[in-house]
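The values are calculated or read from the model by the stated rules, or taken from the named source; none is laboratory data. Note that the structure is predicted; figures quoted are calculated from it, not measured. Methodologically, a virtual Cβ is constructed for each residue, glycine included, from the backbone with ideal geometry; neighbour enumeration extends over all protein chains shown.
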Amino acid sequence: MVTNETKLPILFVDVDGVISLFGFAPDVGQLPGPLHWIDGVAHCIPAAVGERLVRLAEGFELVWATGWEERANEHLP
């Protein structure tokens, strides 16, 4: 159950394919960030995502919207 203890508006942050980019062709070229292996799949999480999430957290309570469920905090900035 999600509780909003901060009284800020809740913002559900879509992770799959938005913050965490995956499914690249082998010849994709320059990626916007480093690759991370998560459950055997290469994901690209751009470096700038962390600071953008920090800014969003100033006005919202962020809630991950992802198939990773409780493991999201292990892999996301």
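Of the residues making up segment 44-59, those that are closer than 17 Å to residue 14 by Cβ and in contact (Cβ under 8 Å) with a residue 24 or more places away in the chain are 44, 45, 46, 49, 50, 53, 56. The set of residues in segment 28-46 being surrounded by 11 or more Cβ atoms within 10 Å (Cβ to Cβ), small (Gly, Ala, Ser) and out of contact with any helix residue (DSSP H, G or I) (no Cβ under 9 Å at 6 or more places or on another chain) consists of 42 alone. Tell me whether segment 14-27 contains one or more residues that are touching a helix residue (DSSP H, G or I) at 6+ places or on another chain (Cβ under 9 Å) and modelled with pLDDT under 80. The answer is no, given that none of the residues of segment 14-27 is touching a helix residue (DSSP H, G or I) at 6+ places or on another chain (Cβ under 9 Å) and modelled with pLDDT under 80.
Checking each residue in segment 31-60 for being in contact with a Pro (Cβ under 7 Å, 6 or more places away or on another chain) and assigned to a strand (DSSP E or B) picks out only 44. Name the residue that is nearest to the chain's Cα centre (by Cα), counting only residues in segment 13-27 that are assigned to a strand (DSSP E or B) and surrounded by 13 or more Cβ atoms within 10 Å (Cβ to Cβ). Among residues in segment 13-27 that are assigned to a strand (DSSP E or B) and surrounded by 13 or more Cβ atoms within 10 Å (Cβ to Cβ), the one nearest to the chain's Cα centre (by Cα) is 20. The residue of segment 54-76 that is surrounded by the most Cβ atoms within 10 Å (Cβ to Cβ), among those that are under 13 Å from the mean Cα position of the chain (by Cα) and not hydrophobic (A, V, I, L, M, F, W, C), is 66.
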